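> Let me give you the structure first, and then I'll get to my questions.
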Amino acid sequence: MKAGFNGLKGKEISLISIVLMAATIILWSWEKTPGLTAFPPPQKPLQLSSDHLKGMGESNTRTTSKKEVKEHILSGVSDEEPKHERGLEAGKSHGIQTLSTPTSEAKRNDAEVDKTSKLEKHKACNYAKGKWVPDDNRPLYSGFGCKQWLSSMWACRMMQRTDFAYEKLRWQPKDCKIEEFESSKFLKRLQNKTLAFVGDSLGRQQFQSLMCMATGGEEKPDVEDVGSEYGLALAEGNARPNGWAYRFPSTNSTILYYWSAILCDVEPIDVNNPQTDYAMHLDRPAAFLREYLHKFDVLVLNTGHHWNRGKLNANRWVMHVGGVPNTDKKIAVIWGAKNLTIHSVVSWVNSQLPKYPGLKAFFRSISPRHFFGGDWNTGGSCDNTKPMSVGKEILEEESSDPVAANAVKGTGIKLLDITGLSQLRDEGHISRFSLTAQPGVQDCLHWCLPGIPDTWNEILFAQI
Ligand SMILES: *[C@@H]1O[C@H](CO)[C@@H](O)[C@H](O)[C@H]1NC(C)=O
Ligand SMILES: *[C@@H]1O[C@H](CO)[C@@H](O)[C@H](O)[C@H]1NC(C)=O
Ligand SMILES: *[C@@H]1O[C@H](CO)[C@@H](O)[C@H](O)[C@H]1NC(C)=O
């Protein structure tokens, strides 16, 4: 009797709980989907209205003095790009368009909300806004040292240069403090991890800067060369490898750099022809990224200064989209191609994040150039030695690199926005002191090290 009674009660209870659960689910999903459908609306295809693009070719020479200045500073970044363009659509279509039940769809939405709130926490501090302040604790390493990693062509202390005021400044964000960089703290945070820079020579500068910061510029014979683990061994017949990877044995932390000037895949069109052209697959990330992404815990991407007709022609790069030569006129203009590539790479990395939830990925905004009175090959110069002659503060909320900013919008990739703050530092370039440049040719693109790229790494450190 007792058992029967209890059995009945058990059944009643489970019946009631089932009803309750069902009601909860119905109410909850009703609330989540005001459109009365449990499925999300179809994603909008990428929007590229031809109106936006009319007359916006790279050869467009419409200039105002303001534009001229900006073009000197931001090579390859045209300020004629429509400001309202969003990278959102591209970022969201990250290839995980699986048909899913309402429940798993809701779960994914929750995960996205989580991600967003995390992003918003970081948004609370816009590191790009702030000012340069004098600081006697700068630089973070001596420009006479760090010979193990610092290229002599960027070591301005070793040149005839005599002004070093540019070394003694620190970036102070407006709304927060940057945690003071300490190599031991940094290496600990990077314990058992790999931080990868992938990009052009400005990415290499940031890599060398970080190696010097992590070692304090001291000799470190125990740091291991682990390039071969990332396919970076010197190939026979090449003057230098495609990159470098070093491991700090005390914490098992690896820092690497891979040379990829344009971040997209580049392939010889005819492998048997030494004179072959190369397909630059604008919508396909560099093979190195696809092969090694799973090994990275922090990734810092950059591109920018190789997106010009001269470099494309010199390298015999031919634009390809979808595996075939590009026929789209909007993409054929340089900034259109660059924009497509940046969006594609960011969108691809974003699509990989669910697989590698620990990965922190950054896209570093463009590093500004400061050629005045000409370009690099027409007598342009950057002779100023007085820090912050152009101003010392950035107060704008918006990035000065709209292409990169739009590409990361709505994705899990963070913008390492260094464009504005670096724009204020025209005195920090190699200038006429470059060891390799011919007389008269100035380097107003690369930076003296120690110098401005150290600040980029401080801002990176604050976010990992
Ligand atoms: C170093 O870190 C990697 C992960 O990045 C791990 O697989 C490996 O076991 C670590 N090695 C040592 C000696 O701790
Ligand atoms: C690093 O990896 C080693 C070996 O796999 C492990 O014993 C150690 O706990 C790891 N340390 C951290 C902080 O992950
Ligand atoms: C940049 O590319 C993205 C993705 O292809 C596109 O949605 C966006 O409209 C482009 N931006 C401009 C200014 O054309």
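> Please give the per residue accessible area of the range 385-464, computed with a probe of 1.4 Å over protein heavy atoms only, in Å².
34
> Separate question: Counting DSSP beta bridges in the range 131-463, what percent are antiparallel, to the nearest 5?
Just about 50 percent of them are antiparallel.
> Could you order 349, 324 so the one with the most accessible surface comes first? Probe is 1.4 Å.
Largest to smallest exposure gives the sequence 324, 349.
> Report the GluC sites (Glu not before Pro) located in the range 297-401 that are in a DSSP loop and have at most 13 other Cβ atoms inside 10 Å of their Cβ, or state none.
Filter output for the range 297-401: 396, 397, 398.
> For the range 316-363, rounded, prolate or oblate, judged on the Cα gyration tensor with a ≥ b ≥ c (square roots of eigenvalues), a/c < 1.5 rounded, else prolate if a/b > b/c?
prolate
> Where does each of 218, 236 land when they are ordered by accessible area, with a 1.4 Å probe and the largest first?
Ranked from most to least accessible, the order is 236, 218.
> Could I ask something else about it? Roughly how many whole Å is it from the C-alpha centroid of the range 400-464 to that of the range 233-257?
Comparing the Cα centres of the range 400-464 and the range 233-257, I get a distance of 23 Å.
> Considering all projection directions equally, how large on average is the shadow of the alpha-carbon convex hull of the range 337-445, in square nanometres?
Average of the hull's projected areas for the range 337-445 equals 9.0 nm².
> Continuing with this model, one more query. Stokes-Einstein at 20 °C, 1.002 mPa s, Kirkwood radius from Cα pairs: D for the range 274-428 in µm² s⁻¹?
122
> While we're on this one: With 5 Å bins from zero, work out the P(r) of the range 155-306 over every alpha carbon pair and list the percent per bin.
That works out to 2, 8, 14, 18, 18, 15, 11, 8, 4, 2, 1, 0, in percent per bin.
> Quick one: what are the phi-derived ³J(HN,Hα) couplings along the range 168-183, Karplus 6.51/-1.76/1.60 with θ = phi - 60°, whole Hz, x for glycine and proline?
9, 10, 10, 8, 10, x, 5, 9, 6, 9, 8, 4, 4, 5, 10, 4
> Report the accessible area of residue 383, computed with a 1.4 Å probe over the heavy atoms of all protein chains in place, in Å² rounded to the nearest 10.
Residue 383 has an accessible surface of roughly 80 Å² with all protein chains in place.
> Rg and Dmax of the range 131-463, Cα atoms, in Å?
Gyration radius and largest Cα-Cα distance of the range 131-463: 19.5, 57 Å.
> Spelling out what I want: for every residue of the range 422-428, take phi, set θ = phi - 60°, compute 6.51 cos²θ - 1.76 cosθ + 1.60 (Karplus), and round to whole Hz; glycine and proline get x.
For the range 422-428, the Karplus-derived couplings read 7, 4, 6, 10, 5, 7, x Hz, x marking Gly and Pro.
> How much of the calculated P(r) for the range 326-391 lies past 20 Å, in percent of all Cα pairs?
Value for the range 326-391 (Cα pairs over 20 Å): 60 percent.
> Pop a pseudo-label 7 angstrom from the Cα along the beta-carbon direction at both residue 271 and residue 184 and give the gap in nm to one decimal.
Modelled inter-label distance: 5.1 nm.
The values are calculated or read from the model by the stated rules, or taken from the named source; none is laboratory data. Since we're looking at a predicted model, the values are computed, not measured. FYI the Cβ positions are ideal-geometry reconstructions off the backbone, even for glycines, and counts take in every protein chain you see. All accessible areas refer to the heavy atoms of the entire protein, side chains included, with ligands and DNA or RNA removed. Shrake-Rupley method; radii C 1.70, N 1.55, O 1.52, S 1.80 Å.
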